[in-house]
Amino acid sequence: LLNINSTIEEEKGKNEFEFISPIWQQAAYEIMPSSQRNSLHFLLAGLYEHVLESTDLVLEPIYPILASHFEKSQNWVNSIKYYETTGIYAANKNSTETVISTFFKMLELYQKVI
């Protein structure tokens, strides 16, 4: 089910966990309580935000990932913010399909905020 590589590196102190199959990974995710899944997504979104804040680079591929993690953590306001940023970058690249899909996603989330 799970390969555990406890490679403890003295300088990093790193533990790695790797699922041997995406099916097992999905199964483990599905049986997690929703509150735990929400917390996990919120934590991941925070890590991605930290990456964004710690660099001067524009990392536009991270915006839809952030939006999705905030949405899955039920943090609607931040999710809308990052979907909007995703849509702006998509508009600048003339990616009409992405602009439309993020616009509809934002409308859906606005309904949850109101």
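The values are calculated or read from the model by the stated rules, or taken from the named source; none is laboratory data. Nothing here was measured: the structure is a model prediction, and the numbers come from that model. All Cβ positions, even for glycine, are placed from backbone atoms using ideal geometry, and neighbour counts span all protein chains on display. In case anyone asks, the SASA skips ligands and DNA or RNA and just uses the protein heavy atoms, side chains included. Shrake-Rupley method; radii C 1.70, N 1.55, O 1.52, S 1.80 Å.
Couple of notes before you dig in:
- Sorting Lys81, Lys93 on solvent-accessible area from highest to lowest, probe radius 1.4 Å, gives Lys93, Lys81.
- For Cα extents along the principal axes in Å, calculated from these coordinates, the label among (i) 54, 41, 23; (ii) 44, 35, 24; (iii) 40, 25, 21: (ii)
- Rounded percent of accessible protein surface that carbon and sulfur make up, the chain, 1.4 Å probe: 57 percent
- Cα gyration tensor shape of region 43-89, rounded if a/c is under 1.5, else prolate or oblate by comparing a/b with b/c: oblate
- The modelled label-to-label distance for the pair Leu40/Glu97, using points 7 Å beyond Cα in the direction of Cβ, is 2.9 nm.
- Probing with 1.4 Å while keeping every protein chain in the model, the per residue accessible area of region 23-114 equals 68 Å².
- Computed FRET value (nearest 0.05) for Ser21 with Ile62, which takes r as the C-beta separation and R₀ as 25 Å: 0.40
- Helix 62-72 vs. the chain, principal-axis angle (Cα, 0 to 90°, nearest 10): 80 degrees
- C-alpha long axis of helix 76-92 to longest principal axis of the chain, angle in °: 70 degrees
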